[in-house]
Amino acid sequence: MSVSSSFVHRFEPATRRDAPPLLLLHGTGGDENDLLPLGAAVAPGAALLSVRGKVLEHGMPRFFRRVAEGVFDEADVVRRAHELADFVEAARVEYGLAAPIALGYSNGANIAAAMLLLRPQTLRGAVLLRAMVPLANPPSPDLAGRPVLILSGRQDAIVTAANGEKLAGLLATAGASVERQVIPASHALSQADVALAQRWLQGVRAGADVPAAE
Ligand code: MLT
């Protein structure tokens, strides 16, 4: 598969060797340009692979179909998670990358969570911003040692506290090393997200909770 033809994306090569690559996954209506500044802010010098979702909802790119707000077409979640995982694996070969840490926001966080559950070898870990449970009956993958940061907004009108907590529980049960923080924010990103993600990624880079490279 030619990487460039399978998903619209942007790739920024690393400028430092010790920074794990980031896979940037935007929210509904975003595109591959949206999270590049966030990626550069939270992981200076890391390679950035930023992808545009292929599903269009009234012209707005997403990573999978939904029936209504918070109600997902789960067959499409599964199909699209595998399609994106295939892309990431091909991109790793083409760009010479280690397994990336996903940095996803909203719909992008949800497809990252689905990839962790369905294709656990694809990601080294994940930062999930305003994520929710993507599948009602997910499989039980082996996520042993994979670091995951979940940042939920206390005033989030889209993702309930219980849903974010359930996702954290699912991933922890699968063996992931999950840190979840509920911050004073809405569904929109805040400065606290940037600071917390940056600090957490510094910890990952320092070697804490990082599974051996695959
Ligand atoms: C969104 O607006 O994108 C939702 O909150 C999350 C989703 O549909 O995946």
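Let me confirm something: among Leu171, Leu123, Leu167, which residue is over 23 Å from Lys54 (Cα atoms), more than 16 Å from the ligand (Cβ to nearest atom) and open to solvent by less than 10 Å² (accessible area, probe 1.4 Å)?
Working: Leu123 fails: over 23 Å from Lys54 (Cα atoms); Leu167 fails: more than 16 Å from the ligand (Cβ to nearest atom).
Going through Leu171, Leu123, Leu167 in turn, the sole match is Leu171.
Out of all the residues in segment 32-66, which are away from the ligand (no atom under 14 Å from the Cβ), outside any loop (DSSP other than H, G, I, E, B) and in contact with a strand residue (DSSP E or B) (Cβ under 8 Å, 6 or more places away or on another chain)?
Leu36, Leu38, Gly39, Ala40, Val42, Leu48, Leu49, Ser50, Val51
Among Leu135, Leu143, Leu151, Leu189, which is the only one that is hydrophobic (A, V, I, L, M, F, W, C), modelled with pLDDT of 95 or more and outside any loop (DSSP other than H, G, I, E, B)?
Leu151
Checking the structure you have, find out if any residue of segment 136-158 is surrounded by 13 or more Cβ atoms within 10 Å (Cβ to Cβ), in contact with a His (Cβ under 7 Å, 6 or more places away or on another chain) and hydrophobic (A, V, I, L, M, F, W, C). First the steps, then the outcome.
At the first step, the residues of segment 136-158 found to be surrounded by 13 or more Cβ atoms within 10 Å (Cβ to Cβ) are 138, 141, 143, 145-153, 156, 158.
Now drop any that are not in contact with a His (Cβ under 7 Å, 6 or more places away or on another chain), which leaves 153, 156, 158.
With the extra rule that they be hydrophobic (A, V, I, L, M, F, W, C), the set shrinks to 158.
Yes, because at least one residue in segment 136-158 is surrounded by 13 or more Cβ atoms within 10 Å (Cβ to Cβ), in contact with a His (Cβ under 7 Å, 6 or more places away or on another chain) and hydrophobic (A, V, I, L, M, F, W, C).
Would you point out which residue out of Glu69, Glu89, Glu94, Glu74 is among the acidic types (Asp, Glu), within 9 Å of the ligand (Cβ to nearest atom) and touching a residue at least 12 places away in the same chain (Cβ under 8 Å)?
Numbers: Glu89 fails: within 9 Å of the ligand (Cβ to nearest atom); Glu94 fails: within 9 Å of the ligand (Cβ to nearest atom); Glu74 fails: within 9 Å of the ligand (Cβ to nearest atom).
Among Glu69, Glu89, Glu94, Glu74, only Glu69 is among the acidic types (Asp, Glu), within 9 Å of the ligand (Cβ to nearest atom) and touching a residue at least 12 places away in the same chain (Cβ under 8 Å).
Pairs needed: first member in segment 51-64, modelled with pLDDT of 95 or more; second member anywhere, polar (S, T, N, Q) and open to solvent by 20 Å² or more (accessible area, probe 1.4 Å); C-beta distance under 8 Å; at least 6 residues apart or different chains.
Final answer for the pair search is Glu57/Thr28; Met60/Thr28; Pro61/Thr28; Arg62/Thr28.
Just to verify a result, which residue in segment 43-62, among those that are more than 14 Å from the chain's Cα centre (by Cα) and of a type in the set (A, V, I, L, M), is nearest to Leu189 (Cα to Cα)?
Just the residues of segment 43-62 that are more than 14 Å from the chain's Cα centre (by Cα), to begin with: 43-47, 54-61.
Checking which are of a type in the set (A, V, I, L, M) leaves us with 43, 46-47, 55-56, 60.
Details: Ala43: 17, Ala46: 21, Ala47: 22, Val55: 23, Leu56: 22, Met60: 19 Å.
By that ranking, first place goes to Ala43.
The values are calculated or read from the model by the stated rules, or taken from the named source; none is laboratory data. Fair warning: this is a prediction, and the values are worked out from it, not measured in the lab. When we count neighbours, we look across all protein chains shown, and the Cβ atoms used for this are built from the backbone with ideal geometry, even at glycine. All accessible areas refer to the heavy atoms of the entire protein, side chains included, with ligands and DNA or RNA removed. Shrake-Rupley method; radii C 1.70, N 1.55, O 1.52, S 1.80 Å.
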